[in-house]
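Novice: What follows is a single structure, and I will ask about it in a moment.
The values are calculated or read from the model by the stated rules, or taken from the named source; none is laboratory data. If you're wondering where the values come from, they're calculated on a predicted model, not measured in any experiment. Here the Cβ positions follow ideal geometry from the backbone for every residue, glycine too, while neighbour counts run over all protein chains shown. Accessible surface is based on the protein model in full, side chains and every heavy atom, while ligands, DNA and RNA are left aside. Shrake-Rupley method; radii C 1.70, N 1.55, O 1.52, S 1.80 Å.
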Amino acid sequence: MASLMIRARAALFGISRSEADFARRGFETARPDARVCLEGVGVSFIDGYNAWLSDTLDATLAGIPGALGGFAVEGAAMASALLDHLTFWRRDRWARLLRDRPEHLYMIHIGAGWATARLRLSLRRAVRQRDPLLGWLVADGWGFHQTYFHPAEWATGRKRVSPRAGYLARAVDQGVGRALWFVAGADPARVADKVGRLAADRHADLWSGVGLAATYAGGCEPHELATLVELAGEFRAQLAQGAAFAATARTVAGNMTEHAQVAARAITGRDAGELRRLAMQAQPAAPHDPTGGSYESWRTRLAGELAKRGAA
């Protein structure tokens, strides 16, 4: 009976790998290798999502390059959170994934945001149901999902979360910025153009998301990272803060890559180990502010510290 239920949920809720295809998504790409890199990220996410549904996550992770493992766990987090909402008799799957793979705590919170978007649930409630500090990554994941699957609306500014939503809108924009890296095919000039076309009050958070994606996901050459820093202009500190968060996530997960190291140093002037230390030092102590004040103070302190140390 258990195996039958597993097969049924995989058939009902599974996602095709074709969803990661740039042509299907309508994304731009400057170079074939950038497309291969970023499509590989999407495929790994989908593989992790489907593996969790079919109860084969361990085997799937064993067959995925370590650099992509975090994306697969993010996909598994989406699947577990989705099933938690659809089955009233058991709602501990997401929490169990977090318990079993605590090294991916950041990606697991982001994955919950994908499920929230896919099910059209209350985003504010979903944020409050998670960790008091990292719960804002749920909103980040929600923003990435909306922009990744609906770029014509969310990457152009036709749709956005109203500023009246408070910090929720800012956290969503951090995810929108991450997704713009994919939408623009990891091309710094195109990314800067897309950010520049959106409302000015969003730019700081968008550039933070760009820095995170450029470092964690990759897709561009070292010399292009210098161009990215230049194009960020007055938002270089925010770009650096995003890169520092990415370096911290990879260091904690134990899946640091050469590209992430290069990107972190190009954007912040610091290596991944030091960035993790700075991020942990800047992290606020409990209790956390449910309005987002603690999370934003974490980001602001880190960005300020990087700027003071000559980042970028």
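Novice: Please go through segment 226-265 and give me each residue that is among the basic types (Lys, Arg) and under 21 Å from ARG190 (Cα atoms), ordered by number.
Specialist: Matches in segment 226-265: ARG236 only.
Novice: Can you tell me which residues in segment 193-217 are crowded, with 24+ Cβ neighbours inside 10 Å and not in a helix (DSSP H, G or I)?
Specialist: Once the filter is applied, which keeps residues that are crowded, with 24+ Cβ neighbours inside 10 Å and not in a helix (DSSP H, G or I), segment 193-217 yields only ALA217.
Novice: Could I ask something else about it? Of everything in segment 285-305, what is within 21 Å of the chain's Cα centre (by Cα) and open to solvent by less than 50 Å² (accessible area, probe 1.4 Å)? Give them in sequence order.
Specialist: Passing the criteria: GLY292, GLY293, SER294, TYR295, GLU296, SER297, TRP298, ARG299, LEU302, ALA303.
Novice: Residues of segment 54-90 being surrounded by 14 or more Cβ atoms within 10 Å (Cβ to Cβ) and charged (D, E, K, R), which ones?
Specialist: Listed by number, the residues that qualify are ASP55, GLU74, ASP84.
Novice: Determine whether ALA169 is open to solvent by 40 Å² or more (accessible area, probe 1.4 Å), in a helix (DSSP H, G or I), touching a Lys or Arg at 6+ places or on another chain (Cβ under 8 Å) and at pLDDT 95 or above.
Specialist: no
Novice: List the pairs whose first member sits in segment 141-161 and is among the basic types (Lys, Arg), whose second member is open to solvent by 10 Å² or more (accessible area, probe 1.4 Å), and whose Cβ atoms are under 7 Å apart, counting only residues at least 6 apart or on separate chains?
Specialist: LYS159/GLU153
Here is a yes/no grid of residues against (1) without any contact (Cβ under 8 Å) to a residue 40 or more places away in the chain; (2) under 21 Å from THR156 (Cβ atoms); (3) touching a helix residue (DSSP H, G or I) at 6+ places or on another chain (Cβ under 8 Å):
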{"position": "ALA189", "(1), (2), (3)": "no, yes, yes"}
{"position": "LEU198", "(1), (2), (3)": "no, yes, yes"}
{"position": "ASP201", "(1), (2), (3)": "yes, yes, yes"}
{"position": "LEU206", "(1), (2), (3)": "yes, yes, yes"}
{"position": "TYR216", "(1), (2), (3)": "no, no, yes"}
{"position": "HIS223", "(1), (2), (3)": "yes, no, no"}
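Novice: Just to be sure I understand, how many residues within segment 132-152 are open to solvent by 50 Å² or more (accessible area, probe 1.4 Å) and at pLDDT 95 or above?
Specialist: Qualifying residue count, segment 132-152: 2.
Novice: Among the numbered criteria (1) under 19 Å from ASP205 (Cβ atoms); (2) open to solvent by less than 10 Å² (accessible area, probe 1.4 Å), which single criterion is violated by GLY185?
Specialist: Among (1) under 19 Å from ASP205 (Cβ atoms); (2) open to solvent by less than 10 Å² (accessible area, probe 1.4 Å), the lone unmet condition for GLY185 is (1).
Novice: State whether the residues of segment 153-165 include one that is open to solvent by less than 10 Å² (accessible area, probe 1.4 Å) and not in a loop (DSSP other than H, G, I, E, B).
Specialist: Scanning segment 153-165 turns up no residue that is open to solvent by less than 10 Å² (accessible area, probe 1.4 Å) and not in a loop (DSSP other than H, G, I, E, B).
Novice: Which condition does GLY242 not pass, out of (1) outside any helix (DSSP H, G or I); (2) crowded, with 16+ Cβ neighbours inside 10 Å, if it passes all the others?
Specialist: With respect to (1) outside any helix (DSSP H, G or I); (2) crowded, with 16+ Cβ neighbours inside 10 Å, GLY242 is out only on (1).
Novice: Among the helices (runs of 4 or more DSSP H) lying completely within segment 1-54, list those that include at least 1 residues that are within 30 Å of VAL191 (Cβ to Cβ) and not aromatic (Phe, Trp, Tyr).
Specialist: 22-25, 32-53
Novice: Return only the number of the condition from (1) closer than 19 Å to VAL127 by Cβ; (2) of a type in the set (A, V, I, L, M); (3) open to solvent by 20 Å² or more (accessible area, probe 1.4 Å); (4) within 14 Å of the chain's Cα centre (by Cα) that ALA95 does not satisfy.
Specialist: The one condition ALA95 does not meet is (4).
Novice: Residues to consider are ALA11, ALA30, ALA51; find the one that is hydrophobic (A, V, I, L, M, F, W, C) and surrounded by 18 or more Cβ atoms within 10 Å (Cβ to Cβ).
Specialist: Exactly one of ALA11, ALA30, ALA51 is hydrophobic (A, V, I, L, M, F, W, C) and surrounded by 18 or more Cβ atoms within 10 Å (Cβ to Cβ), namely ALA51.
Novice: Using beta carbons and a limit of 8 Å, which pairs, at least six apart or on different chains, have the first residue in segment 61-87 and assigned to a helix (DSSP H, G or I) and the second one surrounded by 21 or more Cβ atoms within 10 Å (Cβ to Cβ) and of a type in the set (Asp, Glu)?
Specialist: Sorted first by the residue in segment 61-87, then by its partner, the pairs are ALA72/ASP47; GLY75/ASP47.
Novice: If I ask for residues that are touching a Leu at 6+ places or on another chain (Cβ under 6 Å) and either under 20 Å from ALA169 (Cα atoms) or in contact (Cβ under 8 Å) with a residue 24 or more places away in the chain (or both), which ones from segment 280-293 would you list?
Specialist: HIS288
Novice: Hey, ARG236 hits all of (1) under 16 Å from VAL210 (Cβ atoms); (2) surrounded by fewer than 23 Cβ atoms within 10 Å (Cβ to Cβ); (3) without any contact (Cβ under 8 Å) to a residue 60 or more places away in the chain but one; which does it fall short on?
Specialist: (3)
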